[in-house]
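Participant: Got a structure for you, written out below as structure tokens; questions coming shortly.
The values are calculated or read from the model by the stated rules, or taken from the named source; none is laboratory data. Small disclaimer: the values here were computed from a predicted structure and weren't measured. So basically every Cβ, Gly included, is an ideal-geometry build from the backbone, and we count neighbours across all protein chains shown. For accessibility, only protein heavy atoms count, side chains too; no ligands or nucleic acids. Shrake-Rupley method; radii C 1.70, N 1.55, O 1.52, S 1.80 Å.
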Amino acid sequence: MLNKNEELLSEVYKNTIMGRDSIINLLDKVSDNGLRSEMTDELSVYRRYAKEASEKLGERGLKPKELPMTAKMGAKMGMVMNTMLDTTTSHLAEMMINGATMGIINLEKKLNDGGGEAERLARDVLRYEKETVERLGQYL
């Protein structure tokens, strides 16, 4: 049974892996250099946060849970379907904003349950995702 810190670290890991994977799946569809640059920067930040969450879980003798293959494939297929007819910069930015917003909601829920020492990392990711939503707004 995970304690609150471990649950929060697991949520941070899951959140950042989903962000990372979403960017990887969408990046080849981006034609706008500004959006491509923004997404590449985000990819680097998500990787860094995922690594930090993984290391903190490792310090507790835990291994981060990978997302189930069904969840990964479902997300990938959803992106394929969502971009089949519309790969405009504005649509891709909207998809990124929606993903970041879902991450924000999930982290806020976990923080409301109590975060403990993992709270700093979760708040950093949360702040970053909120800033990301703001930055992506210019591409709508």
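Participant: Just checking, which of ARG120, ARG47, ARG135, ARG127 is open to solvent by 60 Å² or more (accessible area, probe 1.4 Å) and over 16 Å from the mean Cα position of the chain (by Cα)?
Facilitator: None of the other options fit; the residue is ARG120.
Participant: Only one residue in LEU126, LEU107, LEU111, LEU43 is free of Cβ contacts under 8 Å to residues at least 60 places away in the same chain, of a type in the set (A, V, I, L, M) and more than 15 Å from LEU136 (Cα to Cα). Which one?
Facilitator: LEU126
Participant: Could you go through the stretch 69-89 and let me know if any residue there is under 18 Å from LYS130 (Cα atoms), of a type in the set (A, V, I, L, M, F, W, C) and crowded, with 17+ Cβ neighbours inside 10 Å.
Facilitator: No, the stretch 69-89 contains no residue that is under 18 Å from LYS130 (Cα atoms), of a type in the set (A, V, I, L, M, F, W, C) and crowded, with 17+ Cβ neighbours inside 10 Å.
Participant: Taking ALA93 as the residue in question, decide whether it is closer than 19 Å to LEU2 by Cα, of a type in the set (Gly, Ala, Ser) and open to solvent by less than 90 Å² (accessible area, probe 1.4 Å).
Facilitator: No.
Participant: Moving on to the next point. Those residues that are open to solvent by 20 Å² or more (accessible area, probe 1.4 Å), not β-branched (Val, Ile, Thr) and not in a loop (DSSP other than H, G, I, E, B), I need them from the stretch 28-42; list them, please.
Facilitator: Matches in the stretch 28-42: ASP28, LYS29, ASN33, GLY34, ARG36, SER37, GLU38, ASP41.
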